Structures are given as C-alpha cells and as structure tokens.
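Each remark here refers to the structure printed beneath this line.
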Amino acid sequence: MQYKNLIIIGTSHISKQSINKVKQTLLKTKPDIIAIELDKKRFLSLIQNKKLNLKDIKHLGLKIFLLNALGSYIQKKLGKIVQTEPGSDMKIAIQIAKKINAKIALIDQPVDITLKKLTKTPLKEKLRFVKDILRDIFIKKQRIEFDLTKVPSQSLINKLIKKLKKDYPYIYQVLIKERNQIMAKNLYNLMLNNKSVVAIVGAGHKKEILNLIKCHNSQK
C-alpha cells in the first residue's frame, strides 16, 4: 500500500508470507527510513532476544507483567505451529536496514503505557472476555479458519476489528485506535523529512493508519 513517499506493509508477525514480503519490498525500494511497529523497549528486547523474568515484576507491576507474559506465550505457541519465530518480520527489517544503510524509526507508543492502560479495562469487558472463552470451550460453533502462514485478507481483518470494537470498546481504544493515531502522526512527520519511508506494521493497523495520514495531509 503506497501513498506519496510512504509504503506501508501490513504483516502478521509470525507469518512466512510477511517475512518474504518485507524482504522483497525493502531490497527492491531501498528506502531512506524503515519504520517499524515497535517502541525502544520492545526493539531492544527483540534484538537482544531478551525474555521476561521475575525481576521484571518490580518495575512493570504484577498485572502488567502477567499481561506481557501471556501475550509472549501466545505468540510463541502460534510461532511454533508455523515454525516461525515471533517478530521475524521486524527482525528481517532491522537486518536489511543495516545492509542497505537505511535508518530505523520506532513509531509505536511505549509498551509500558499500553499495558498500564490495559490493566484498567472495565469489569464489564473482563467478564465478557471470560464468558467468551468459556463459550468457545464448551459450546460448539462455527469458527473462522486462519492460515497462520499468511496475512489475513483485508475483509477478514475489517470483520475482526469491527467485532473487537463492538464487544470490547475499551480494549479496541487502547490496542488499536490510540496506537494507530500515534503511529500515523510519527509516519506523517517522517514523510515530511525523508525521501522514502517503508513502514512495517500489523495488518490490522495498516488501513486506518493510512487514512489518518491522508487526513493529516489534507489539513495542511
């Protein structure tokens, strides 16, 4: 997806298709800036292959630590299924940046802020989450089939985001909407100051980020 001097690649962080797409696009375009959906802490954790340990409870707090640990556990489990390490799309981007002498831009909100906000999820949404899990376990219903090796189609992404927004409005606000606004603003500023920018973000963020950038541009 291209707009002016920006290309946005929407990825699934454990999909082989994403890794290939990132590699091919970056080597072909050789941008001045490679922007990735990470903050400084997650960037360092990724390149150093750092894992959470009990010492992290002290500065993260127990709730944030558990949320972070749960997210990491789920990604690793899914990664094993498709034999791809979580975050491989970002890692290949970082490696290629060195190879083509491109700068890395970290465009996401600090993860501590995101996780801290998630701990304030309303009780109503927490109970709904538990209810949905139990229903999935005990009640047979039609499930959406995913090919974990590929990036989901835009229509499927739209459907899932719409459901998240309806069922979990606070979580949607924290995980999707607020971060889209921050990443769009950061990318817009990069576009103003650089010849070419390629951004690697989760597929669920791509469409709205581009819409927000276009909105920024029209308000100049």
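You will find that of Gln181, Gln154, Gln173, the residue that is surrounded by fewer than 17 Cβ atoms within 10 Å (Cβ to Cβ) and at pLDDT 95 or above is Gln181 and no other.
In segment 112-151, of all residues being acidic (Asp, Glu) and more than 21 Å from the chain's Cα centre (by Cα), the one that is modelled with the lowest pLDDT corresponds to Asp136.
No other residue among Gln95, Gln109 is modelled with pLDDT of 90 or more and within 24 Å of Asp167 (Cβ to Cβ) apart from Gln109. The residue that is surrounded by the fewest Cβ atoms within 10 Å (Cβ to Cβ), among those in segment 18-40 that are in a helix (DSSP H, G or I) and touching a Ser or Thr at 6+ places or on another chain (Cβ under 6 Å), is Ile19.
The values are calculated or read from the model by the stated rules, or taken from the named source; none is laboratory data. A quick note: this is a predicted structure, and the numbers were derived from the prediction, not measured. Methodologically, a virtual Cβ is constructed for each residue, glycine included, from the backbone with ideal geometry; neighbour enumeration extends over all protein chains shown.
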